[in-house]
Amino acid sequence: MNENQQWAHNELKNLIKNSPSYEDQAFYRGLDQLMLKQAQRLINATGELDGRSWADK
């Protein structure tokens with residue numbers, strides 16, 4: 001996770017903790033999960049691109 005993603009993750013954790021309604025908490029949890037999955041997809045895509053550039057054809 002890069003610096004911006006870490007900052008967003010921490011902000012979302014704070015929002016989850018301080019949100020009065022369950023609906024808001026659920027929204028922030030879903031947003032955090034989406035962000036973490038997108039970060040993992042970026043890492044995977046970077047690795048795939050690097051692997052393809054080195055692969056013999």
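The values are calculated or read from the model by the stated rules, or taken from the named source; none is laboratory data. Since this is a predicted model, take the numbers as computed values, not measurements. Counting neighbours? That spans all protein chains shown, and the Cβs are built from the backbone with ideal geometry, glycine included. Heads up: the accessible areas ignore ligands, DNA and RNA and are worked out on the full protein's heavy atoms, side chains in. Shrake-Rupley method; radii C 1.70, N 1.55, O 1.52, S 1.80 Å.
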- Task: Please name all residue pairs, on different chains or six or more residues apart, with Cβ atoms under 9 Å, provided the first residue is in region 33-57 and is modelled with pLDDT of 90 or more and assigned to a helix (DSSP H, G or I) and the second residue is open to solvent by 100 Å² or more (accessible area, probe 1.4 Å) and not aromatic (Phe, Trp, Tyr).
- Result: 36/1; 39/1
- Query: Are any of the residues in region 1-22 in contact with a helix residue (DSSP H, G or I) (Cβ under 6 Å, 6 or more places away or on another chain) and either without any contact (Cβ under 8 Å) to a residue 12 or more places away in the chain or open to solvent by 90 Å² or more (accessible area, probe 1.4 Å) (or both)?
  - Reply: yes
